[in-house]
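Rule-based calculations on the coordinates, nothing more; no lab input. In this text the structure is predicted, and so the values were computed from the model without any measurement. With ideal geometry, Cβ positions are generated from the backbone for all residues, glycine too; neighbour counts draw on all protein chains shown.
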Amino acid sequence: MEKYLDMKSKINLSELQKVAGIIKNDGIVLFPTETVYGIGANGLSKKAVEKVYKAKGRSIKNPINLLVSDIKMIESVAKDITELEYKLMDVFFPGPFTIILKKKDIVPNIVTAGGDTVGVRMPSGEIALKLVQESGVPIAAPSANLSGSLSGTNLNDIIGDFENKVDCIIDGGDSKIGLESTIVKVVDGVPHILRPGAITDVQIKDVAGDVVLDYLNKNEFLPSSDMAHYNIKNRCVLVKADKGQVDKVNAILEQYNNAVVICCNENACKYNSKVILNMGAKDNLEAVSRNIFRLLREADRSNPDVIVIEGIEEKRPRQGYYG
């Protein structure tokens, strides 16, 4: 029976130190980050990382990113870090930003699927950051979902998938951001976005002067960049945000008897559907991002003919979450 810790309202440092002991002894832990929940193990231990792959049902061809606590830890696992890479880390760490760097030999090949690069992220979520600090090692921590299914932003959505598969579960309540981290790799002095996430291309361009949207190119050696975190079982339609959006959604709904709509506050009363899930105000992207994974899971569980999602126009201030 795994250890369960409730830290939704307060972090218990002495208990967290015990969890760090589990990490150091090659155990695996399910814990919250500011993006989504993660399932983590000692990123320098091949034995421990193997347990993570097994618990998730994850292909060993899919690399795992490392959570780190400071620049010193980054420099212990990565080499030949460029001035621009340091600059990006300085601006976006801690936070929902992962950067791909050249790895040192200390990082086991199982973490990188045999590749010569490793993804690193410094979380801003207090539980995750303290857990890395107390463990004293980078934590290999993919999202806490069975491979190929939606990421989890609260424990209720994922605990059933990992009962009796981990050594400890930390309940930190709902994820603050609720979207995966943005994954970036600097190529020839230009940041390439390999997976979109909470940090936008506009924010990265403000720092680097240029950016390439590269996440539509499939690559087995890019960690968690295949968009499987957004997979759902039922048919799903995203309707672009424009003046005719409401009419387009209703036109789709007329074709189905059992439909679910995921929409913003402002339009919730405008749709002809028995099931309407509210993702928040359309100008509150932080609320929308916190809710979207949870609502997708809820919609998927009802087994509808179709899930229709309103697209949201990005109007976030240029400084974003952490500016």
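In table form, for the structure just shown:
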read-out	value
Looking only at the range 67-98, and only at residues there that are among the acidic types (Asp, Glu) and touching a residue at least 24 places away in the same chain (Cβ under 8 Å), the one that is farthest from Ile127 (Cα to Cα)	Glu85
Among residues of the range 284-308, those that are assigned to a loop (DSSP other than H, G, I, E, B) and buried (at least 20 other Cβ atoms within 10 Å of the Cβ), counted	1
Given (1) buried (at least 22 other Cβ atoms within 10 Å of the Cβ); (2) touching a helix residue (DSSP H, G or I) at 6+ places or on another chain (Cβ under 9 Å), number of the condition Lys46 does not satisfy	(1)
Scope the range 14-47; condition of a type in the set (A, V, I, L, M, F, W, C) and under 16 Å from Ile169 (Cα atoms); matching residues	Leu16, Val19, Ala20, Ile22, Ile23, Ile28, Val29, Leu30, Phe31, Val36, Ile39, Ala41
Checking Thr117 against (1) touching a residue at least 40 places away in the same chain (Cβ under 8 Å); (2) within 30 Å of Lys10 (Cβ to Cβ), the condition it does not meet	(2)
When residues of the range 51-78 are limited to those that are of a type in the set (S, T, N, Q) and in a loop (DSSP other than H, G, I, E, B), the one surrounded by the fewest Cβ atoms within 10 Å (Cβ to Cβ)	Ser59
Exclusive hit being surrounded by 17 or more Cβ atoms within 10 Å (Cβ to Cβ), within 18 Å of the chain's Cα centre (by Cα) and assigned to a helix (DSSP H, G or I), set Ile110, Ile159, Ile183, Ile100	Ile159
In the range 126-156, residue farthest from the chain's Cα centre (by Cα) [restricted to those that are among the small types (Gly, Ala, Ser) and assigned to a loop (DSSP other than H, G, I, E, B)]	Gly136
